[in-house]
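Bear in mind these aren't lab numbers, they're just calculated from the coordinates by the rules spelled out. If you're wondering where the values come from, they're calculated on a predicted model, not measured in any experiment. All Cβ positions, glycine included, derive from the backbone under ideal geometry; neighbour counts span all protein chains shown.
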Amino acid sequence: MTHEDHKDIVNEIKENMPDADTLFELADFFKVFGDSTRIRIMCALFKKELSVCCIADIVGMEQSTVSHQLRVLRQENLVKVRREGKQSYYSLEDEHIQKIFEMGLEHILE
């Protein structure tokens, strides 16, 4: 390859790369997946909408710890909350979250 070929490749990649702000947001998004407690919580929510109490029982943690992690997941738009009286129920924001999880798991298990 000539130097000119490299310039063309570099320019093409640069033109198609997302902007810095978008890549920063993407990095923050993936940081949320870097915590095993949050991963366990998301895994619990794959099948059904759950209350904090149920999630805490499933993952074997205090409700306050689970609530804190749910707050982080909500801030990153990975889970949503539905209120019914005094009770709050959590579910995944959309099907993309489970797909990302499954792709990561598949990669790890290869």
Discussion item. Can you bin every Cα-Cα distance in the range 45-110 into 5 Å intervals starting at zero and give me the percent of pairs per bin, rounded to whole numbers?
Written reply: 3, 17, 24, 24, 18, 9, 3, 1, 0
Item to complete: State to the nearest 20 debye the size of the charge dipole of the chain about its Cα centre, where the only charges are +1 on K and R beta carbons and -1 on D and E beta carbons.
Response: 960 debye
Worksheet item: Which listed residue (87, 59, 43) has the Cα farthest towards the positive end of the charge dipole for the range 35-109, taking +1 on Lys and Arg C-beta and -1 on Asp and Glu C-beta about the Cα centre?
Response: 87
Response to the item:
The lysines whose Cα lies under 25 Å from the Cα of residue 14, excluding any fewer than 8 residues away in the same chain, are 31
Worksheet item: In whole angstrom, how far apart do the alpha carbon centroids of the range 5-49 and the range 93-110 sit?
Response: 13 Å
Item to complete: Just rank 88, 36, fewest to most, by other beta-carbon atoms within 10 angstrom.
Response: 36, 88
Worksheet item: Considering only the other residues whose Cβ falls under 13 Å of the Cβ of residue 31, what net charge follows from Lys and Arg at +1 and Asp and Glu at -1?
Response: -3
Practice prompt. Take the Cα atoms of the chain, find their three principal axes, and give me the spread along each one in whole Å, biggest first.
Written response: 66, 32, 21
Worksheet entry | Range in the chain, longest, excluding exposed trypsin sites (Lys or Arg not before Pro) [loop by DSSP; at most 10 other beta-carbon atoms within 10 Å] | 1-46
Worksheet item: Per the helix-only calculation at 222 nm, which mean residue ellipticity applies to the chain, given -39500 (n - 2.57) for every DSSP H run of n ≥ 4 and division by its residues, nearest 500 deg cm²/dmol?
Response: -20500 deg cm²/dmol
